[in-house]
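The values are calculated or read from the model by the stated rules, or taken from the named source; none is laboratory data. From a predicted model like this one, the values you see are computed outputs, not experimental measurements. Heads up: the accessible areas ignore ligands, DNA and RNA and are worked out on the full protein's heavy atoms, side chains in. Shrake-Rupley method; radii C 1.70, N 1.55, O 1.52, S 1.80 Å.
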Amino acid sequence: MTTFGDALRSFRQASSDPHRHNRRLSQQRLGELIGKEMGDFGFSGAAISDWERGESMINAADRNVLLALIQVLHKTKGLSTLEEANRFLECGNFRILNEQEGAQIFGNHDRGSNVAQPESQSKISQSGGLILLAAMF
């Protein structure tokens, strides 16, 4: 199984730096772009390196950091689909993107079945499915 760090390294290396044509996204540059996305100073190249090597991990409570990371990887063409993003999050035992987060990053056109639904909506869908099954038999 791929670790979060291994997946991050792969997605980063598949990304193109938007300001350095035909150059791969460096760890330092990824940290800067995350900061730009979040409206702050971002992260150092050393912090990104630590994430990739599994020396440290993004705190699950820092959802904004995870969303900014996915946004940057998507904008730089390293991560292209909602399904890839959700598999990436699952590698780190993070919650997958909900419908709003997925639409915010990937737009409404790429909302697949692999999107977390709010618990109440999920229960409604399940009970509706049971009613349909009961009506068939």
Alpha carbons only, please: Rg and Dmax for segment 1-74, in angstrom. 11.5, 35
Calculated from backbone phi, Karplus (6.51, -1.76, 1.60) coupling profile of segment 14-28 in Hz, x at Gly/Pro: 7, 7, 10, 5, x, 9, 10, 3, 6, 10, 5, 6, 7, 4, 4
Of the accessible area of segment 50-112, computed with a 1.4 Å probe and all protein chains kept, carbon and sulfur make up a percent value of 42 percent
Quick one: which residues, 5 or more positions from ASN98 or on another chain, have an amide H under 5 Å from its amide H? H modelled 1.01 Å from N in the peptide plane, none for Pro or chain starts. ALA116
Under Karplus coefficients 6.51, -1.76 and 1.60, residue-wise ³J(HN,Hα) of segment 78-92 in Hz, glycine/proline x: x, 10, 10, 10, 4, 4, 4, 4, 5, 4, 4, 4, 5, 4, x
